[in-house]
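The values are calculated or read from the model by the stated rules, or taken from the named source; none is laboratory data. As the structure is a computational prediction, the values presented were derived from the model and not from experiment. Every residue, glycine among them, receives a Cβ derived from its backbone with ideal geometry; neighbour counts consider all protein chains shown.
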Amino acid sequence: MFTHEEVRVRAGRRTGLPIVVAVHSTVLGQALGGCRIWNYPDWRDGVEDALRLSSAMTAKNALAGLANGGGKTVVPLPPGTVLDAGTRHALLSDVGDVVEELDGRYGTGPDVGTDAEDMVVIGERTPHVFCRPAAAGGSGSSSPGTASGVLAALRATVAQLDGSPGLDGHSFAVVGLGSVGADVARRLAAAGSRLVVSDVRPEAESLARELDADWVTPEQALTADVDVLVPAALGGVLTPGLVPELRCRAVVGPANNQLSSPDVATLLHDRGILWAPDYVASAGGIVHAVASELYREPPDVVERRVERIGATLRELYRSAAAADTSPATSAEDLVAARLAGG
Ligand code: PHE
């Protein structure tokens, strides 16, 4: 079933590269979601990713209590493509033009493969862009806000598992040490947790040494014997084949679209593994951006808004346990209710 309001696929005017903007829903307000620039086997895979990621943004924004719908931009690059600085700049201008054509129905921000500086370039073409650096009038990188939200989600999860939100004395496996994963790992180490970490880039091992964490391969990290598995890289890691191998008690992380298919939520539930819906745990970045840039809230109020991710998750865990369903099912019901009420 086609559930999106609008999907645009354009050849960039300057680069000829395909630019996909999926507007899933504007029921609650302007659709928001970041701009992903990534390599895909085929540009059509990028369209599919944009479809999935934009509908997840509708759920993310609805459950974060934002008056925003969901959208996403994906620029699918052919395998192996590395952009030189000039082409990259032209591509970001192309993205800005496509966003601007949507007349404010969609606003963009950073995502995998883009950062705050890139938003300045997009912002030369359209005002509908978030997370420019502070010097350029924005709220900066979304990564620290995302990491704060993940920490709130982890405290809520540990409280659900063991009755108290203290992170010390608990163990975590962080898979992916990009800007968010590294930040989460640092904060967990500072809180006195035991850490297992991994990344596909060998150079990330230095962070493991710095944090006194066990450095393992991503495959080993996924099946590590820890309290909580923290997926912080690309999506699709939770597959039907992996679920029987898991040795964690819960899975909570910032990666978008962690399930290879929706039924994996039920497989996790049947194994007694608590799964925090990714679109709840990863909302801190967009909450920080919207509260700072649209609502103009001061930093302490923004921080409290991000912290509310913990309360949302506790409520989902409670209602799921009461109904003996997965938190994913509770979350879907809540999204439907918010959209119906919006
Ligand atoms: N890309 C991030 C997310 O998936 C954060 C973000 C998107 C921030 C759009 C601002 C605007 O939530």
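Just a few scattered comments:
- Residues of segment 96-108 classified as within 11 Å of the ligand (Cβ to nearest atom) and either on the phi > 0 side of the Ramachandran plot or hydroxyl-bearing (Ser, Thr, Tyr) (or both), total: 2
- Pair list, Cβ < 8 Å and 6+ apart or interchain, from segment 121-144 residues that are at positive phi to residues that are within 10 Å of the ligand (Cβ to nearest atom) and outside any helix (DSSP H, G or I): 131/109; 131/110; 131/138; 131/139; 131/141; 131/142; 140/131
- Cβ-Cβ contacts under 6 Å between residues 6 or more apart (or on different chains), taken from a first residue in segment 196-208 that is under 17 Å from residue 222 (Cα atoms) to a second residue that is in a strand (DSSP E or B), are listed as 196/173; 196/214; 197/174; 198/175; 205/215; 208/197; 208/215.
- Residue 36 falls short on exactly one of the conditions (1) in contact with a strand residue (DSSP E or B) (Cβ under 9 Å, 6 or more places away or on another chain); (2) away from the ligand (no atom under 12 Å from the Cβ), and that condition is (2).
- Where residue 112 falls short, out of the listed (1) modelled with pLDDT of 95 or more; (2) within 16 Å of the ligand (Cβ to nearest atom): (1)
- Restricted to segment 27-138, the set of helices (runs of 4 or more DSSP H) holding at least 1 residues that are closer than 19 Å to residue 291 by Cα comprises 43-63, 116-123.
- Filter result for the condition that a residue is more than 30 Å from residue 313 (Cβ to Cβ) and surrounded by 23 or more Cβ atoms within 10 Å (Cβ to Cβ), over 47, 75, 121, 82: 75
- All positions within segment 24-33 that are in contact with a Phe, Trp or Tyr (Cβ under 9 Å, 6 or more places away or on another chain) and more than 13 Å from the ligand (Cβ to nearest atom): 26
- Within segment 257-293, if we keep just the residues that are within 16 Å of the ligand (Cβ to nearest atom), surrounded by fewer than 24 Cβ atoms within 10 Å (Cβ to Cβ) and polar (S, T, N, Q), the residue that is farthest from residue 36 (Cα to Cα) turns out to be 292.
- Residues that are under 18 Å from residue 259 (Cβ atoms) and of a type outside the set (Gly, Ala, Ser), drawn from segment 327-342: 327, 329, 332, 333, 334, 335
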